[in-house]
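Engineer: To start, I am sharing the structure in question, which I have written as structure tokens.
Bear in mind these aren't lab numbers, they're just calculated from the coordinates by the rules spelled out. In this text, all values refer to a predicted model and were calculated from it rather than measured experimentally. Backbone-built Cβ (ideal geometry, glycine too); neighbour counts: all protein chains shown.
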Amino acid sequence: MSIDILNNGPGDLVVVVPITTVGYGLRSHVELEPAKSGLDHISYARCDQLRVVSTERLSSHQGIIGPEQMQAIDQALRFVLDL
């Protein structure tokens, strides 16, 4: 979820939005449907729980984010970060 200039930087760090199967109906949580995300269960992108992690901690892809879901995540991040 980071911009490429950060992803390709010397620090090998990326900003991630954690995904969980527990949702609380908050504006900052974006529902990810299995049919659209490739995940096994309905999941939630928790945009209020941003993390910076080393790329070494990323081992494999778990699903995909389509344009519609990415737009919803973008909106939730704007809300959380007051942009």
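Engineer: Any chance the range 31-45 includes a residue that's closer than 26 Å to G11 by Cα, of a type in the set (V, I, T) and surrounded by 12 or more Cβ atoms within 10 Å (Cβ to Cβ)?
Structural biologist: no
Engineer: List every residue pair whose Cβ atoms lie under 8 Å apart, where the two residues are 6 or more positions apart in sequence or sit on different chains, the first residue falls within the range 10-39 and is in contact (Cβ under 8 Å) with a residue 60 or more places away in the chain, and the second residue, located anywhere, is in a loop (DSSP other than H, G, I, E, B).
Structural biologist: Cβ pairs passing all conditions: V17/M1; V17/C47; V17/Q49; V17/L50.
Engineer: Identify all residues within the range 33-68 that are outside any loop (DSSP other than H, G, I, E, B) and within 10 Å of the chain's Cα centre (by Cα); write none if there are none.
Structural biologist: Passing the criteria: Y44, A45, R46, R51.
Engineer: With the structure loaded, tell me whether E56 is of a type in the set (D, E) and more than 20 Å from L13 (Cα to Cα) or whether it fails that test.
Structural biologist: no
Engineer: For the range 44-71, give me each residue that is of a type in the set (G, A, S) and either in contact with a helix residue (DSSP H, G or I) (Cβ under 7 Å, 6 or more places away or on another chain) or in contact (Cβ under 8 Å) with a residue 40 or more places away in the chain (or both).
Structural biologist: A45, S54, G63, G66 - these are the residues of the range 44-71 that are of a type in the set (G, A, S) and either in contact with a helix residue (DSSP H, G or I) (Cβ under 7 Å, 6 or more places away or on another chain) or in contact (Cβ under 8 Å) with a residue 40 or more places away in the chain (or both).
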